[in-house]
Amino acid sequence: MAGAKANPGVAPIFKRGQLKKDRLIIAGKEFSSRLFLGTGKFSSHEAMGGALKASGSELVTLALKRFDPQNPGDQMVGMLRQPGVSLLPNTSGVRHAKEAVLAAQLAREALETNWIKLEIHPDPRYLLPDHEETLKATEALAKLGFVVLPYINADPVFCKKLESAGAAAVMPLAAPIGSNRGLMTLAMLEIIIKESTLPVVIDAGLGAPSHAAQAMEMGADAVLVNTAIAIAEDPINMALAFKLAVQAGRMAYLAEMGQTSSEAQASSPLTAFLGS
Amino acid sequence: MGKESAIKPLEPGFEQVFAQHPWAQMGAKLAQIGEAQVKKALSRAGQGSPADFMALVSPAAEPYLEEMAHLAQALTRKRFGKTVQMYLPLYLSNECHNSCLYCGFSKDNPVPRIRLDQKAVEQEIAVLKGMGVCQVLLVTGDFSAKRAVEYLGQALDWITPHFAQVSMEVQPLSQAEYQVLIKKGLHGVMVYQETYGPQYAKFHPHGSKADFFWRLGTADRLGRAGVHKIGLGALLGLDDWRLDSFYTALLVSHLEKHYWQSKLSISFPRLRPAKGGFQPEHPVSDRHLVQLILAYRIFNENLELSLSTRESPDFRDQVIPLGITSISAGSKTEPGGYANPNTQLEQFEIHDARSPQAMEKALAQKGLETLWKDWDPHFGKPQ
């Protein structure tokens, strides 16, 4: 293949061009990277900044609870404010819709963005989302002009309700946050991806680049990764590995993979008697 | 004392679980634990039962310490990342009507008693804010419950506007009293049983603390009151650390099932020299304290594990990376100690005197980030 010598492995496929034209659009905003990055759990702001660069991510989450609005020189925010990178504050720590709305308003004021990743998990152990409260908060925040990306269980019916409530995307979980277990909710994610009119960002539980690639092959619009990158011995190379995996998975999806089949193709056709 | 006979418990309390696990019987069970149970407990990796915990703190687990350390560290990184939270204690008062044998605040110790007024609290706040502190733990001795709640309510009004998270370690209160304080912005409450064993009465001869079962029911009252964080622990050195910690683990399992919205935190107070010259009858070695910390993590990957300045700098530097997720640094254990140090009034001598900033540097060298703020003061108000 042409170009293979100059940059083996990656360049030739890029040169065919499809990836370069591929854009994800959420609420009118274009993203060329389909890897979103969570910023907790890193050993230092520098490690996080390095991983962000290597990941090529254009959307990074930031927990309001970790950000100090009284401290304008907040190092972490400084590290995240890089050209081409947008902030997605999250409401982690809130337990109900009212608190989530308040948190979103505080984040909007402090970080000057109307994007909000809505996380309502009243349970501090598994951090699983509360759908009743998430629906209420999505409706309220959408009315207040927020671009709402709710973190949810992989529940296809709930995704339809969020569409009506005014969500800008849905973020179903692959497995419990931080579990690194991969696509445990696969069957439900397949339905969500097939039925959703909103971008589907698979969030939480992706522990290896292969998990991210698989999510993208299935047709997810993007993935969000945090723990797997942050706690790697070498977060920068792990961020790069996820970047490449997301690209590979997306490419495979666009190239329309052949169906997998558990049965061998029958050599004696069953409908041959019908003639042609 | 405001016991809530009028409030009907929604759930069976820990007292019932406790009654089903007699001290002597648990001691016999502990003595019989063998290698097979330890191996099974190790395989639970963060999702264990109290029986698994008992195996992990048993003598049979001692040869597995290195393996436990690797496992605990990996579980901690997965759940908490490469981060450690920072808080500082803010002692408000050394008044106390108890005479606990090991405590510098015992009413039998002839030291001046003070309770900080608003002005003195504001001086403390200014020093703490200057150190970059966002999370504080309010500490007092035990004084008359009615006055205590009134005072603590006032103190919360003075303090909560200045910090992201305010917790407290004071005498056990009633559910209704906790609810009043939670409305004022109280985030978490630490109440240590000290010991679950038959020696409790000997160490706590007078005052409200002599009431073992009132103290034992505190975590249930906190859970019912809807507090965000409940801190537990046994005082290490009073009795057999393995057994005392087993009861703490039993309480963890009980609380997780019944009060699923509250986060749990474990502390490891190892007895330190204090006024009164108390010598622990069951001193806990470094090796055993490490085993205990690792056992908690392998038993339950979600627990906040907290290690205070009671421990030495060297020990903390080595142990924090293995599973600790919350620390204090530069603590003063006397009321008013940040603005006006007076070691005569201390509850206990700290061992690690490094400042929070020095501690942040030491953690960074271990590849750990200090989390100064992990909460927002706007969160957590009752709906």
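Output the residues belonging to the range A:201-229 that are away from chain B (no Cβ under 14 Å) and assigned to a loop (DSSP other than H, G, I, E, B). A:Met218, A:Gly219, A:Ala220, A:Asp221 - these are the residues of the range A:201-229 that are away from chain B (no Cβ under 14 Å) and assigned to a loop (DSSP other than H, G, I, E, B).
In the set B:Pro50, B:Pro22, only one residue is surrounded by 14 or more Cβ atoms within 10 Å (Cβ to Cβ) and closer than 30 Å to B:Phe213 by Cα; that residue is B:Pro50.
Against the test of being surrounded by fewer than 16 Cβ atoms within 10 Å (Cβ to Cβ) and either in a helix (DSSP H, G or I) or aliphatic (A, V, I, L, M) (or both), the options A:Lys160, A:Lys194 yield a single qualifying residue, A:Lys194.
Yes or no, residue by residue, for (1) at pLDDT 95 or above; (2) touching a helix residue (DSSP H, G or I) at 6+ places or on another chain (Cβ under 6 Å); (3) under 30 Å from A:Thr39 (Cα atoms); (4) of a type in the set (S, T, N, Q):
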{"position": "B:Arg113", "(1), (2), (3), (4)": "no, no, no, no"}
{"position": "B:Val121", "(1), (2), (3), (4)": "yes, yes, no, no"}
{"position": "B:Met131", "(1), (2), (3), (4)": "no, yes, yes, no"}
{"position": "B:Phe143", "(1), (2), (3), (4)": "no, no, no, no"}
{"position": "B:Asp157", "(1), (2), (3), (4)": "yes, no, no, no"}
{"position": "B:Pro161", "(1), (2), (3), (4)": "no, no, yes, no"}
{"position": "B:Val166", "(1), (2), (3), (4)": "yes, yes, yes, no"}
{"position": "B:Met190", "(1), (2), (3), (4)": "yes, no, yes, no"}
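Here the condition is being in a loop (DSSP other than H, G, I, E, B), surrounded by fewer than 22 Cβ atoms within 10 Å (Cβ to Cβ) and of a type in the set (Lys, Arg); of B:Lys107, B:Lys40, it holds for B:Lys107 alone. Contact map, the range B:222-233: residues that are away from every other protein chain (no Cβ under 14 Å) and at positive phi paired with residues that are outside any strand (DSSP E or B) and not aliphatic (A, V, I, L, M), Cβ distance under 7 Å, separation 6+ or inter-chain. Pairs shown: B:Gly233/B:Tyr192; B:Gly233/B:Thr248; B:Gly233/B:Phe268; B:Gly233/B:Pro269. The number of residues in the range A:141-157 that are crowded, with 20+ Cβ neighbours inside 10 Å, under 17 Å from the mean Cα position of the chain (by Cα) and in a loop (DSSP other than H, G, I, E, B) comes to 1. Selection over the range A:104-132 of residues that are out of contact with any strand residue (DSSP E or B) (no Cβ under 6 Å at 6 or more places or on another chain), under 13 Å from A:Gly93 (Cβ atoms) and not in a loop (DSSP other than H, G, I, E, B) gives a count of 1.
Being at pLDDT below 95, on the phi < 0 side of the Ramachandran plot, within 14 Å of chain B (Cβ to nearest Cβ) and touching a helix residue (DSSP H, G or I) at 6+ places or on another chain (Cβ under 6 Å) is a property that A:Ala232 has. Criterion applied to A:Ala51, A:Ala97 was being more than 11 Å from chain B (Cβ to nearest Cβ) and modelled with pLDDT of 90 or more, and the one residue passing it is A:Ala51. Residues in the range B:341-383 that are without any contact (Cβ under 8 Å) to a residue 12 or more places away in the chain, within 14 Å of chain A (Cβ to nearest Cβ) and surrounded by fewer than 14 Cβ atoms within 10 Å (Cβ to Cβ): B:Lys361, B:Gln365, B:Gln383. Quick check: is even one residue across the range B:278-300 polar (S, T, N, Q), within 30 Å of B:Ala364 (Cα to Cα) and surrounded by fewer than 23 Cβ atoms within 10 Å (Cβ to Cβ)? Yes, some residue in the range B:278-300 is polar (S, T, N, Q), within 30 Å of B:Ala364 (Cα to Cα) and surrounded by fewer than 23 Cβ atoms within 10 Å (Cβ to Cβ). Of all residues in the range B:182-207, those that are part of a loop (DSSP other than H, G, I, E, B) have Cβ atoms under 8 Å from Cβ atoms of residues that are of a type in the set (Lys, Arg), 6 or more apart or on another chain, in B:Gly185/B:Lys381; B:Val191/B:Arg215; B:Gln193/B:Arg215; B:His206/B:Lys107; B:Gly207/B:Lys107. Of the residues making up the range B:243-257, at least one is in contact with a Leu (Cβ under 9 Å, 6 or more places away or on another chain), touching a residue at least 12 places away in the same chain (Cβ under 8 Å) and over 26 Å from B:Met168 (Cβ atoms).
Do the conditions hold for B:Leu238, that is, is it hydrophobic (A, V, I, L, M, F, W, C), out of contact with any Cys (no Cβ under 7 Å at 6 or more places or on another chain), surrounded by 23 or more Cβ atoms within 10 Å (Cβ to Cβ) and assigned to a loop (DSSP other than H, G, I, E, B)? In short, yes. Screening A:Ser43 with (1) of a type in the set (S, T, N, Q); (2) more than 30 Å from A:Glu132 (Cβ to Cβ); (3) buried (at least 20 other Cβ atoms within 10 Å of the Cβ); (4) away from chain B (no Cβ under 12 Å) gives one miss only, at (4). Cβ separations smaller than 9 Å between residues 6+ apart or across chains give the following pairs from the range A:27-38 residues that are at negative phi to residues that are assigned to a strand (DSSP E or B) and of a type in the set (Asp, Glu): A:Phe36/A:Asp203; A:Gly38/A:Asp203.
Taking B:Gln193, is it over 30 Å from B:His378 (Cβ atoms), within 16 Å of the chain's Cα centre (by Cα) and not acidic (Asp, Glu)? For B:Gln193, the condition - over 30 Å from B:His378 (Cβ atoms), within 16 Å of the chain's Cα centre (by Cα) and not acidic (Asp, Glu) - is met. With the requirement that a residue be within 30 Å of B:Pro280 (Cα to Cα) and surrounded by 19 or more Cβ atoms within 10 Å (Cβ to Cβ), what does the range B:116-144 give you? If the condition is that a residue be within 30 Å of B:Pro280 (Cα to Cα) and surrounded by 19 or more Cβ atoms within 10 Å (Cβ to Cβ), then B:Val136, B:Leu137, B:Leu138, B:Val139, B:Thr140, B:Gly141, B:Asp142, B:Phe143 are the ones that fit.
When we screen B:Phe105, B:Phe80 for residues that are in contact with a Gly (Cβ under 9 Å, 6 or more places away or on another chain), within 14 Å of chain A (Cβ to nearest Cβ) and among the aromatic types (Phe, Trp, Tyr), the only hit is B:Phe80.
The values are calculated or read from the model by the stated rules, or taken from the named source; none is laboratory data. Nothing here was measured: the structure is a model prediction, and the numbers come from that model. Here the Cβ is made from the backbone with ideal geometry for all residues, glycine too, and neighbour counts use every protein chain on show.
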